[in-house]
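These notes concern the structure reproduced below.
What follows draws every value from the coordinates through simple rules; no lab data is involved. All values reported here derive from a predicted model rather than from experimental measurement. So basically every Cβ, Gly included, is an ideal-geometry build from the backbone, and we count neighbours across all protein chains shown.
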């Protein structure tokens, strides 16, 4: 245990995701040794992120204005919505440059163990977006784990009566990988989702 | 296959231990409480990532130590593999295979395969259904490690579903509010899919075991037989014939789930599915649990383990056979017959408190175990 302020800082840092007690201690001492100006800049960045950043009123992605950059962009296809769990998933998909539609960020996945039900996710907002009839395809891009699959199934059932095209991202083999190193579940899924080669 | 080296650090009573083993028979002798079972338990742990004695990992770590390390070198034909496990209670275990870390410990399953006989095996016959489900599932995983994933998927769905049922039933009792059943439908769907895969595999396994168990039992004793295995599914209570294919089983589970729903909502727990099934062991058409004598129960338990061994052997490679303190439980005739059976395995590891309990043909290389040390005689 360290005295007052130092221990305080270590405790606060230790509450961050992915930071254990050892890392927290290392970061705390790094900050202690750093220039005051550098620390002030970090403090400023932290405060600013809380003050300026909000969530897009349409899709729930992080934004600095009423709507996020993607929802404001008129060139994006308004007929396709890709549903993801977190804002960081938007960034991941954007990096592919494959997708030209818009997003909807749920803010998590259904997980009764953690007390997360459909009402805790931005599903009502999604339904409101779908009701205007402009949207023709819904892409379910929740994580390929149990909770993500359950959320996808739930959404698919919910929107079924609306008659739009609902798709789920494929799971399968990593590009550039070796078949022999793939785990059985992934390989099994890849088999299920195989497609014919059109020459 | 056989284990050529075993190294332990802070495992149970051992601060450190190292032993070299050979194919054939090895016997560990020494007074009780000196750590014979700990040695074979560690080998079993490398094969199954679980202990046959305790359900949690905490007791496996030497008192005062933070983590235990088990390292085993396995020889299979002309291949050698080194498995290292770091057991830290309360945290995920870490595993290395041939000195490279693997993402999940599960990936070392299948490198070493064991069949372990222990005094606890009597519970296979006389104990709760959970013991028999575990027997089936562990055998499934030993034959095809992929089932470790199937099993853990099922358990995860079950946990999520139970959490949902619990909160729904609490809400119902407190506010008389109709629970939101749309998410329950989703979990039912996933439970039926994961459950059907597990169920189909168990049923296929039981069908394969059936003739092997009958044969092994007949060779161990002439009393009480013939034995028969009946898989009782909680989804088909009236011993109806179970379909073999996965789609039909999923359909069966779906039906059972919707039937059980009012009760499940009331009690807040999943009442149907492979986690509620039983493998009924019958002798001369009577349930062995309750009707079998002590000797017959032992013969049945041994027959189940021996059948597991035969199945794994038929897959192409002898598993390592471990006989942990079982001879003390058996009469002279059963000892002799068991010894005859297992002698041919590529490697047999035997532990016994009284050297005289071990039939002569099973003595092999002798190790003396005492005061936290293992010495070859």
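What is the distance, in nm, between label points placed 7 Å from the Cα along the Cα-to-Cβ direction at residue B:245 and at residue B:259?
Roughly 2.2 nm, to one decimal.
Residue B:16 versus residue A:145, label points 7 Å from Cα toward the beta carbon: distance in nm?
Label-label distance for residue B:16 and residue A:145, simple model: 3.8 nm.
What FRET efficiency comes out for the pair residue A:165/residue B:210, r = Cβ-Cβ distance, R0 = 51 Å, nearest 0.05?
Efficiency at R0 = 51 Å is approximately 0.55.
What percentages, rounded to whole numbers, describe P(r) for region B:183-341 computed over all alpha carbon pairs with 10 Å bin width beginning at zero?
Going out from 0 Å in 10 Å bins, region B:183-341 shows 10, 32, 28, 20, 10, 1 percent.
At a Förster distance of 22 Å, what's the computed FRET efficiency of residue B:79 paired with residue A:185, Cβ-Cβ distance as r, to 0.05?
0.30
Pulled fully out, how much extra length does the chain show between residue A:127 and residue A:194, if you take 0.36 nm times their separation in residues and subtract their Cα-Cα distance?
Once the chain is fully extended between residue A:127 and residue A:194, it gains 21.0 nm.
Please report the base-10 log of the normalised intensity I(q)/I(0) for region A:4-52, using a Debye sum with one equal scatterer per alpha carbon and no solvent, at each q in 0.15 (1/Å).
Computed log10 I(q)/I(0) values: -0.43.
In region A:120-158, whose amide N lies under 13 Å from the spot 7 Å out along Cα-to-Cβ of residue A:55? List them in ranges.
A:120-126
Hey, got the average number of other protein chain Cβ atoms within 10 angstrom for residues in B:140-149?
Mean inter-chain Cβ contacts per residue within 10 Å come to 1.
Tell me, B:232, B:62 in order of fewest to most beta-carbon neighbours within 10 Å?
The fewest-first ordering by Cβ neighbours comes to B:232, B:62.
Would you calculate, for chain B, the mean residue ellipticity at 222 nm contributed by helices, counting each DSSP H stretch of 4 or more residues as -39,500 (n - 2.57) and dividing by all residues, to the nearest 500?
Helix-only estimate at 222 nm: -14500 deg cm²/dmol.
Compute the angle between helix A:36-52 and the longest alpha-carbon principal axis of chain A, please, reported from 0 to 90 degrees and rounded to the nearest 10.
Helix A:36-52 sits roughly 40 degrees off the main axis of chain A.
Once the Cα gyration tensor of the protein assembly as shown is diagonalised, what are the square roots of 5 times its eigenvalues, in whole Å and ordered largest first, as equivalent ellipsoid semi-axes?
They are 50, 33, 22 Å, listed from largest to smallest.
Using only alpha carbon positions, build the gyration tensor of region A:70-196, then give the equivalent ellipsoid semi-axes as the square roots of 5 times its eigenvalues, largest first, whole angstrom.
The three semi-axes for region A:70-196 are 25, 19, 15 Å.
Please find the FRET efficiency linking residue A:66 to residue A:32, where r is the Cβ-Cβ separation and R0 is fixed at 51 Å, and quote it to the nearest 0.05.
Efficiency at R0 = 51 Å is approximately 0.80.
Taking only Cα atoms, what is the 0 to 90° angle, nearest 10, from helix B:36-48's long axis to the longest principal axis of chain B?
50
Mind checking the angle between helix B:332-342 and chain B's longest principal axis? C-alpha axes, 0 to 90 degrees, to the nearest 10.
80
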